[in-house]
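Novice: I have a structure I would like to understand better, so I am pasting it below and will then ask my questions one at a time.
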Amino acid sequence: MGLPRTIEHQPGFATLQLHAGERADGPVNPRATPIYLTAGFVLDDFDVATDLFRTGDGYSYTRVSNPTSQAVEQRVAAMERGAEALLVSSGQAAVTIAVLGLLSAGQHIVSASSIYEGTRGLFLENLSRLGIETDFVEDANDPLEWERAIRPTTRALFAESIPNPKNDILDIAAVAAVAHAHGIPLIVDNTLATPYLLRPIEHGADIVVHSASKFLAGHGAVLGGVIVDNGEFDAERSGALFPHLVEAGRLGSPSFVERAGTRARMAYLRDVVAMRFGPTPSPLNAFLINQGIETLSLRVQRQSENALGVARWLEAQPEVHSVDYSGLESNPFNSVARRYLPDGQGSVFSFTLRGGLDAARRFVNALSVFTHMTHLGDVRSLILHPGTTSHNQRTENELSQAGIWPGTLRVSIGIEDLADLINDLDQGLEAVRTEAL
Ligand SMILES: *Cc1c(COP(=O)(O)O)cnc(C)c1O
């Protein structure tokens with residue numbers, strides 16, 4: 001849609017982020033995607049309504065579908081090289097809906113342990129109450145650990161492409177191979193990498209989720225989430241594991257596989273899970289996410305360059321004990337990063353001050369360019385002390401396993417001038433040094 005498609009020419013990423021999902025609506029043709037801020041849509045006449053409810057083609061109610069949200073869905077699906085995408089109201093909703101589309105009570109997830117705290121809490125405290133259990137794998141790049149955790153009831157593997165704060169980059173192909181040997185999908189949260197740096201589906205992931213609140217939007221003005229499916233559900237291989245996709249509907253209606261073929265997972269997510277649980281995004285937010293996406297590649301390029309500059313500078317400072325950035329040659333994940341992230345290693349990482357909690361407090365309080373807040377992927381640089389904020393629900397032992405020490409600070413690097421970022425961080429170190437005297 002909106003893109004000239006010839007067989008021999010595949011548009012590049014920057015072109016896709018601007019033009020994929022564009023709409024040409026008819027006599028009025030606005031250049032920007034219009035904001036269809038409406039709860040529902042007029043049903044032209046009696047027979048149109050009957051047809052619409054029978055086929056699902058057309059617009060009835062915004063919780064079912066909305067043209068502004070669809071524009072984002074088509075754009076993100078194209079950028080991730082997926083078949084289809086679904087826009088929801090937040091990243092947490094994206095993870096929840098993706099999981100509820102696959103699993104029911106009595107079933108099991110295997111997840112990397114190095115994941116976003118909100119997702120870890122969802123698995124441990126919410127899904128567990130619905131009878132869905134999760135086991136965590138310590139070393140996500142060890143296929144044997146995944147293999148050992150899989151049970152007959154396991155229906156999905158879950159991991160993040162760039163986890164934070166440790167930046168322990170995922171070997172997606174290795175984990176995907178384990179999932180596929182069991183006929184189950186690998187879900188990858190690609191929030192921190194963005195499809196500009198990494199497209200997990202190209203490496204074997206089946207489903208990709210995003211917090212669009214972060215890099216996709218980039219402006220930090222709205223929340224949103226996206227689920228992308230590769231559209232390759234194999235009913236012959238996996239139908240018995242996912243009976244809700246192959247069995248006829250309540251009134252004998254065709255199954256999701258009969259209706260949508262290899263795209264059955266997404267059809268079920270849309271028509272049953274998202275529509276009923278109802279995490280519908282506002283079309284206004286969808287518009288704002290679309291505006292952000294149009295500059296994604298430029299921002300992420302600059303943020304990755306700035307992040308590498310900041311990481312190199314920090315690594316050379318005597319007050320800094322360690323820097324967890326996979327772009328540094330000294331980092332244990334540098335070789336995985338070279339393979340999966342050749343165009344930049346992202347801009348969210350952590351570093352640890354030798355002076356512990358006290359140094360961290362003085363450092364944060366001395367900054368003026370960095371914003372002190374719990375958010376990521378903003379055009380502005382952000383800083384947070386995970387141990388006392390986002391990760392305060394973890395035990396001492398769980399914290400150190402996650403690579404979080406009293407002196408650990410997480411940064412999300414923005415698009416400011418690198419010299420100003422370094423100057424600001426130098427103010428932080430100055431405050432640490434002064435007090436240490
Ligand atoms: C922020 C984040 C989420 C949750 O997204 P929200 O939009 O805040 O609900 C999920 N995963 C990762 C990796 C995130 O950074």
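Novice: Among the numbered conditions (1) within 16 Å of the ligand (Cβ to nearest atom); (2) of a type outside the set (D, E, K, R); (3) closer than 30 Å to residue 294 by Cβ, tell me where residue 24 comes up short.
Specialist: Among (1) within 16 Å of the ligand (Cβ to nearest atom); (2) of a type outside the set (D, E, K, R); (3) closer than 30 Å to residue 294 by Cβ, the lone unmet condition for residue 24 is (1).
Novice: A follow-up question, please. Name the one entry in 397, 392 that is part of a helix (DSSP H, G or I), at pLDDT below 95 and in the same structural domain as residue 310 (by TED's automatic domain parsing).
Specialist: 397
Novice: Across segment 358-389, what is the total count of residues that are in a loop (DSSP other than H, G, I, E, B) and among the small types (Gly, Ala, Ser)?
Specialist: Selection size over segment 358-389: 3.
Novice: Only one of 234, 206 is more than 14 Å from the ligand (Cβ to nearest atom) and surrounded by 24 or more Cβ atoms within 10 Å (Cβ to Cβ). Can you tell me which?
Specialist: Only one candidate passes the filter, namely 206.
Novice: Tell me whether segment 402-422 contains one or more residues that are within 16 Å of the ligand (Cβ to nearest atom), under 17 Å from residue 349 (Cβ atoms), in a loop (DSSP other than H, G, I, E, B) and polar (S, T, N, Q).
Specialist: No, that holds for no residue.
Novice: So which residues in segment 96-154 are in contact (Cβ under 8 Å) with a residue 40 or more places away in the chain and hydrophobic (A, V, I, L, M, F, W, C)?
Specialist: 97, 98, 99, 100, 102, 103, 109, 110, 112, 115, 150
Novice: For segment 223-238, what are the residues that are among the small types (Gly, Ala, Ser) and closer than 14 Å to residue 156 by Cα?
Specialist: 238
Novice: Where residues in segment 114-130 are more than 10 Å from the ligand (Cβ to nearest atom) and surrounded by fewer than 18 Cβ atoms within 10 Å (Cβ to Cβ), which of them is nearest to residue 389 (Cα to Cα)?
Specialist: 121
Novice: Moving on to the next point. Within segment 38-81, how many residues turn out to be closer than 22 Å to residue 10 by Cβ and modelled with pLDDT under 95?
Specialist: 0
Novice: Scan segment 181-193 and report the pairs whose first residue is within 19 Å of residue 304 (Cα to Cα) and whose second residue is more than 10 Å from the ligand (Cβ to nearest atom) and part of a strand (DSSP E or B), with Cβ atoms within less than 7 Å and a gap of 6+ or a chain change.
Specialist: Once the first residue is within 19 Å of residue 304 (Cα to Cα) and sits in segment 181-193, its partners that are more than 10 Å from the ligand (Cβ to nearest atom) and part of a strand (DSSP E or B) give 190/208.
Novice: Can you tell me which residue is nearest to the ligand (Cβ to nearest atom) among those in segment 82-102 that are among the β-branched types (Val, Ile, Thr) and either at pLDDT below 95 or closer than 21 Å to residue 215 by Cβ (or both)?
Specialist: Per the criteria, the residue is 95.
Novice: Further question on the same structure: Taking segment 131-156 on its own, how many of its residues are within 16 Å of the ligand (Cβ to nearest atom) and closer than 24 Å to residue 268 by Cβ?
Specialist: Final tally of qualifying residues: 2.
Novice: Only residues in segment 200-217 that are closer than 14 Å to residue 180 by Cβ and in the same structural domain as residue 91 (by TED's automatic domain parsing) count as the first member; pair them with residues that are within 14 Å of the ligand (Cβ to nearest atom) and in a loop (DSSP other than H, G, I, E, B), Cβ under 6 angstrom, at least 6 apart or cross-chain, and list the lot.
Specialist: 200/161; 200/190
Novice: Please determine, by comparing only the residues of segment 365-396 that are of a type in the set (A, V, I, L, M) and in contact with a helix residue (DSSP H, G or I) (Cβ under 7 Å, 6 or more places away or on another chain), which one is farthest from the ligand (Cβ to nearest atom).
Specialist: Among residues in segment 365-396 that are of a type in the set (A, V, I, L, M) and in contact with a helix residue (DSSP H, G or I) (Cβ under 7 Å, 6 or more places away or on another chain), the one farthest from the ligand (Cβ to nearest atom) is 366.
The values are calculated or read from the model by the stated rules, or taken from the named source; none is laboratory data. Keep in mind the model is a prediction, meaning the values are calculated, not measured. In this analysis, Cβ positions are derived from the backbone assuming ideal geometry, glycine residues included, and neighbour counts consider all displayed protein chains.
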